[in-house]
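The next block holds one structure in the form of structure tokens; read it before the comments.
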Amino acid sequence: MTYVAKKCGIRFQPPSVILIYEDENKDRARQRIMPIRNFSKFSDCSRAAEQLKSNPQHKAYLQGVSLRQLQKLYSLLRGHLQGQSLAQSLEQIQQEETIDPEEDLNKLDDKELAKRKSIMDELFEKNRKKKDDPDFTYNVEVEFPQDEQLESCGWDAESDSEF
């Protein structure tokens, strides 16, 4: 059986992930409630999301749900358990999901760098135009206006003098 996930959300009391899905064989929307056990305000959200997604009871239903979305839901639950309001938890998640263009990614550890890269990949896929999109055009050429004088780089001039 193949299931198509339509909506995925979290319920705080009792803690559970709620999935609204459609069975491909039947044209009915159904709801599946997956209880969250052994999760505290100190738990790791990414590990909990991976465990839920790999759980044999829920695996078939959660194939259409990204691991990142489940991690966000667990982050909301953890914020609730820490006493934060829903708005505060959402704001904190938004700050974690935003990439600062001025941030030096070379100074991050491997785990944080992988997280930033996955955020950038997700943003790229979201903004990418595919062949099936109605406003897709092949081989777009754009000329950029050169109103300003081009600035020369200091390192470029120095490298020429060395040779």
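The values are calculated or read from the model by the stated rules, or taken from the named source; none is laboratory data. Just so it is clear, the model here is predicted, and its values are computed rather than measured. Cβ coordinates were reconstructed from backbone atoms using ideal geometry, including for glycine residues, and neighbour counts include every protein chain displayed. Protein only, heavy atoms only, side chains kept; ligands, DNA and RNA dropped before computing areas. Shrake-Rupley method; radii C 1.70, N 1.55, O 1.52, S 1.80 Å.
Here are a few things to note about the model shown:
- Yes/no for GLN94 being open to solvent by 80 Å² or more (accessible area, probe 1.4 Å), modelled with pLDDT of 85 or more and within 30 Å of VAL17 (Cα to Cα): yes
- Residue match in the stretch 8-15 (condition: free of Cβ contacts under 8 Å to residues at least 12 places away in the same chain and under 18 Å from LEU86 (Cα atoms)): yes
- Condition met for SER85 (among the polar types (S, T, N, Q) and either in contact with a strand residue (DSSP E or B) (Cβ under 6 Å, 6 or more places away or on another chain) or under 22 Å from VAL65 (Cβ atoms) (or both)): no
- Yes/no for GLN31 being modelled with pLDDT under 90 and either within 30 Å of TYR3 (Cα to Cα) or open to solvent by 50 Å² or more (accessible area, probe 1.4 Å) (or both): no
- If the condition is being outside any helix (DSSP H, G or I) and surrounded by 10 or more Cβ atoms within 10 Å (Cβ to Cβ), then the stretch 99-110 contributes ILE99, GLU103, LEU108.
- Whichever residue in the stretch 111-163 is among the aliphatic types (A, V, I, L, M) and open to solvent by less than 100 Å² (accessible area, probe 1.4 Å) and, among such residues, is modelled with the lowest pLDDT: ALA157
- Count of the stretch 58-81 residues which are over 14 Å from LYS7 (Cβ atoms) and either out of contact with any strand residue (DSSP E or B) (no Cβ under 8 Å at 6 or more places or on another chain) or surrounded by 15 or more Cβ atoms within 10 Å (Cβ to Cβ) (or both): 13
- Summed over the stretch 42-56, the residues that are touching a residue at least 12 places away in the same chain (Cβ under 8 Å) and open to solvent by 60 Å² or more (accessible area, probe 1.4 Å) give a count of 1.
- Where a residue in the stretch 17-41 is touching a residue at least 24 places away in the same chain (Cβ under 8 Å) and its partner, wherever it lies, is open to solvent by 60 Å² or more (accessible area, probe 1.4 Å) and in a loop (DSSP other than H, G, I, E, B), with Cβ under 7 Å and at least six apart: ASN25/MET1; LYS41/GLN82
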